[in-house]
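**Q** Got a structure for you, questions after.
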Amino acid sequence: MKKTKVLVLSDHPLSPSGVGTQTRYIIEALLKTSRYQFVCLGGAVKHNNYNPQKIDPWGEDWRIFPVDGYGNHDIIRSIIQKERPDVLWFMTDPRFYEWLWEVENEIRPNMPMVYYHVWDNFPAPLFNGKYYRSTDEVACISKVTHEILQEVAPGVNSYYVPHAVNSNVFYKYKTPEKKAIVASARKRICVESTTAHKNINKKIFFWNNRNARRKQSGTLIWWFKEFLDRVGHDQACLLMHTDPRDQHGQDLPLLIEHLGIADGQVMISNVKVQPEELAHMYNAADYTINISDAEGFGLATLESLSCGTPIIVNMTGGLQEQVTDGKNWFGHGIKPSSKAVIGSLQVPYIYEDRISQKDFNAALEWALNLSDKRYKKMAALGRRHVADNYNFDEFEKGWVKLMDEIVARHGSWETRKGYKRWHLLEVA
């Protein structure tokens, strides 16, 4: 039986980014059916070489071609002509794919375009409408994104398909061996990393994000230092897993030195680690923080909840649906104190949700003072929330079902259905 060939445009599927991770999960789910094969343009990372890769154990069924950015017109034309894919699947912010939609009239006559869409916030981006309407099917990573899609382009097939985490990797440690790993990590963080602020019981706040402007990494460090000045530098510490000198962010080591908090108050983990090691960090932490001013979903906080570690987040984008189900809370949600409409030539308007330092301090004080009983209940509810609403098995099954339906509904090449090269418009 001929396999359905999917051309994928996204972050490199083996990269540790949220986009890359979710792309890999989806590809692996479809490969397990033995009915799909993939040709990927692996972008958004710096490549040591550009040789095509075959991914074990899938061989010819999963090939990755490293590219700069996410591709271009010539690459797309060439690979479509050579590979004749049945579906084009792409993921991330639409700003990265304006060039792709410019040639949709060359692509869609032969295959459907399927977009896994992220958009961070309102007001509804009417300027994206032309892109949505130039796509056959749109899957949305958050409830905010899906609501926006339905408002801007109600005639386009769209679905709410949230991210998921692999609970075989991200889970609450309970065995003696795993608990020993956590105890050792906490000792290194709380005692061995400092000379003057040793306290094995201090609260560990974890931050796992890209060091970029909207992630508010500099604000977090600055405010955390001033928080410690109030409660005591031996009461809490901040562990940041990030690139400390990302070109899109701030010089974090400089900030830490400038503020005098290099003695274990704020620590940086900058070595790329395997997911299993990342799970160690979530289990060792007491809370995971994300105060981005805009966040399409925020995969790190979902991983944290799956490990039984509550979250402290700005109530923006996809973070809102993670921290509460509308009844129960799985951490602390901080309401934005201001909503500024910002923009650019490419994105004329979008809300930027900023929290206040006062509310940030209140959230951390709440975290310090939460009783063990309430903490354990919240942690357990958070794990249940992930299992019920972001279940990994259901995520895999959902993508297989969705892709099967798309392939049957649209066909490709000689069997292509439902696409018209022209539209009738009534002129008054």
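**Q** For the chain, what relative contact order do you get, as a whole percent, if you take Cα pairs closer than 8 Å and at least 6 residues apart? Don't skip to the answer; put the middle values down first.
**A** Working: 796 pairs, mean separation 63.0, N = 428.
It rounds to 15 percent for the chain.
**Q** How long is the gain from residue 14 to residue 362 if the chain were fully straight, where each residue apart is worth 0.36 nm and the alpha carbon distance is subtracted?
**A** On the way: separation 348, 0.36 × 348 = 125.28 nm, distance 3.86 nm.
The residue 14-residue 362 span can extend by a further 121.4 nm.
**Q** Summing +1 for each Lys or Arg and -1 for each Asp or Glu, what net charge is found among the other residues whose Cβ lies under 12 Å from the Cβ of residue 184?
**A** Details: positive: 178, 179, 186, 187, 188; negative: 177, 192.
Its environment carries a net charge of +3.
**Q** Relative contact order for the stretch 319-371: what is it in percent, counting Cα pairs under 8 Å that are at least 6 residues apart?
**A** Working: 45 pairs, mean separation 13.6, N = 53.
Dividing the mean separation by the residue count of the stretch 319-371 yields 26 percent.
**Q** Could you list which residues have their amide H under 5 Å from that of residue 92, counting only those 5 or more apart in sequence or on another chain, with H placed in the peptide plane?
**A** Sorted by chain and number, the residues that satisfy this are 116, 118.
**Q** Suppose R0 equals 30 Å. What FRET efficiency, 1/(1 + (r/R0)^6) with r the Cβ-Cβ distance, do residue 168 and residue 375 give to the nearest 0.05?
**A** Values: r = 25 Å, r/R0 = 0.83.
The formula returns an efficiency of 0.75 here.
**Q** Right, next: On full extension of the chain, what length is gained from residue 219 through residue 60, given 0.36 nm per residue of separation minus the C-alpha to C-alpha distance? Mind showing how you got there, number by number?
**A** On the way: separation 159, 0.36 × 159 = 57.24 nm, distance 4.65 nm.
Contour length minus Cα-Cα distance gives 52.6 nm.
**Q** Which trypsin sites (Lys or Arg not before Pro) in the stretch 1-96 sit in a loop by DSSP (not H, G, I, E or B) and have at most 16 other Cβ atoms within 10 Å of their own Cβ?
**A** On the way: sites: 2, 3, 5, 24, 32, 35, 46, 54, 63, 77, 82, 95; in loops: 2, 3, 32, 35, 46.
Taking the stretch 1-96 and a limit of 16 other Cβ atoms within 10 Å, the loop trypsin sites (Lys or Arg not before Pro) found are 2, 3, 32, 35, 46.
**Q** With only Lys, Arg, Asp and Glu charged, each at its Cβ (+1 for the first two, -1 for the last two), find how big the charge dipole of the stretch 1-47 is about the Cα centre; round to the nearest 20 debye. Before the final figure, lay out each step's value.
**A** Numbers: 7 positive and 2 negative charges, 54 e Å.
Result for the stretch 1-47 is approximately 260 debye, rounded to the nearest 20.
**Q** So which lysines can residue 397 reach, going by Cα to Cα under 27 Å and dropping same-chain residues fewer than 8 places off?
**A** Those lysines meeting the cut-off are 2, 3, 5, 32, 54, 143, 172, 417.
**Q** Next up: Give the long-range amide H neighbours of residue 158: residues separated by 5 or more places, or on another chain, with amide H under 5 Å away, using H modelled in the peptide plane at 1.01 Å from N.
**A** Result for residue 158 returns 138.
**Q** If we count every other residue with Cβ under 10 angstrom of residue 137's Cβ, Lys/Arg +1 and Asp/Glu -1, where does the sum land? Provide the component values of the computation, followed by the final result.
**A** Values: positive: 409; negative: 136, 405.
The answer is -1.
**Q** Hey, can you grab everything whose amide H is under 5 Å from the amide H of residue 38? Only 5+ residues off in sequence or another chain; H modelled, so Pro and N-termini drop out.
**A** 6, 62, 63
**Q** Longest span of the chain, sites excluded, free of GluC sites (Glu not before Pro) in DSSP loop with at most 11 other C-beta atoms within 10 Å? Present the calculation step by step, with values, prior to reporting the outcome.
**A** Working: sites that count: 102, 426.
Result, exposed sites excluded: 103-425.
**Q** State the label only: which of (i) 25.2; (ii) 22.9; (iii) 25.8 corresponds to Kirkwood radius over Cα pairs in Å computed from the shown model?
**A** Step by step, Kirkwood radius over Cα pairs in Å for this structure corresponds to label (ii).
**Q** While we're here: Can you give the Kirkwood hydrodynamic radius for the stretch 176-389, in Å, rounded to one decimal and based on Cα pairs? Mind dumping the intermediate values first?
**A** Numbers: mean 1/r = 0.0569 Å⁻¹.
So the Kirkwood estimate lands at 17.6 Å.
**Q** Determine the dipole magnitude for the stretch 115-243: charges of +1 sit on the beta-carbon of Lys and Arg, -1 on that of Asp and Glu, nothing else is charged, the reference point is the Cα centre, and the result goes in debye to the nearest 20. Can you show the working numbers first?
**A** Values: 19 positive and 11 negative charges, 139 e Å.
For the stretch 115-243, the charge dipole is close to 660 debye.
**Q** Hey, if you put +1 on the Cβ of every Lys and Arg and -1 on every Asp and Glu Cβ in the stretch 176-389, which of 328, 199, 270 ends up farthest toward the positive end of that dipole?
**A** Final value for the positive-end residue is 328.
**Q** I've got another one for you. Report the trypsin sites (Lys or Arg not before Pro) located in the stretch 327-370 that are in a DSSP loop and have at most 10 other Cβ atoms inside 10 Å of their Cβ, or state none.
**A** Working: sites: 327, 339, 354, 358; in loops: 327.
Loop-located and lightly packed - 327.
**Q** Then there is this: Taking only C-alpha pairs under 8 Å that are 6+ residues apart, what is the relative contact order of the stretch 319-428 in percent?
**A** Computed value for the stretch 319-428: 18 percent relative contact order.
**Q** Could you tell me which chymotrypsin sites (Phe, Trp or Tyr not before Pro) in the stretch 355-427 are loop residues by DSSP with no more than 13 other beta carbons within 10 angstrom of their beta carbon? Before the final figure, lay out the partial values.
**A** Working: sites: 360, 366, 375, 390, 392, 395, 399, 413, 419, 422; in loops: 390, 419, 422.
Sites meeting the loop and neighbour criteria: 422.
**Q** Roughly how big is the chain's charge dipole about its Cα centre, with Cβ charges of +1 (Lys, Arg) and -1 (Asp, Glu), in debye to the nearest 20? Write out the running numbers ahead of the final one.
**A** Working: 53 positive and 50 negative charges, 174 e Å.
In total the dipole reaches around 840 debye.
Where a number appears in this text, it was derived from the coordinates with a stated rule and is not lab data. Since we're looking at a predicted model, the values are computed, not measured. Glycine also receives a Cβ, built like all others from the backbone with ideal geometry; neighbour counts cover every protein chain displayed.
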